[in-house]
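Undergrad: First, the structure itself, so that you have it in front of you.
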């Protein structure tokens, strides 16, 4: 049986010479999403807006965005894929912190998958009237997702800071530029 050749060049470059660019693009996406959650929190607790009207920045112009489980799941999936794909570029303690972020995102992704399933099927968890995640049974949704995104973001930042320090075992050029 003949093996099918797999083109690995692009994926490998994301963890070598292209790691810095890929990481910066990924971090921009992550920070933009996290900023949306922070703006929503400011709208609720700082400005006193009702939760349904507190839709972050994009949600003010595109209200359906805040209600789209498919869009939220898509972002959770992008986060998961980004953490997995860029992981090989990290070494040592930086990889440990990146792995912590990845582990938390796995759970966050599963919660969004559960929400998406409920939205698509109309079968809601614990008899709730809307899609509800497991931890959302205890913590309100706005607070929970701000918390999840913070939990994923903090170890990711630690990993990037450690990663950008010059190292003998680095597989990319992030620390040299």
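Undergrad: I'd like the orientation of helix 141-163 relative to the chain: the angle between its Cα long axis and the longest Cα principal axis, in ° from 0 to 90, rounded to 10.
TA: That works out to roughly 10 degrees.
Undergrad: If you line up the Cα atoms of the range 18-91 on their principal axes, what length do they span on each, largest first, in Å?
TA: The Cα atoms of the range 18-91 stretch 44, 25, 18 Å along the principal axes, largest first.
Undergrad: Oh, and also: How far is helix 19-41 tilted off the main Cα axis of the chain, in degrees rounded to 10, range 0 to 90?
TA: Computed tilt is about 20 degrees.
Undergrad: Just to confirm my numbers, what's the Cα centroid distance between the range 102-177 and the range 29-76 in Å?
TA: 15
Undergrad: Here is a further query. Does anyone have the angle between helix 69-85 and the longest principal axis of the chain? Alpha-carbon axes, 0 to 90°, nearest 10?
TA: Tilt relative to the chain: about 20 degrees.
Undergrad: Considering just Cα atoms, how many Å³ per residue does the convex hull of the chain enclose? Mind dumping the intermediate values first?
TA: On the way: hull volume 29.5 nm³, N = 177.
Roughly 167 Å³ of hull volume per residue.
Quick note: the coordinates plus some simple rules give every number you see, no bench work behind them. Computed from a prediction, not measured in an experiment: that's the story for all the values here.
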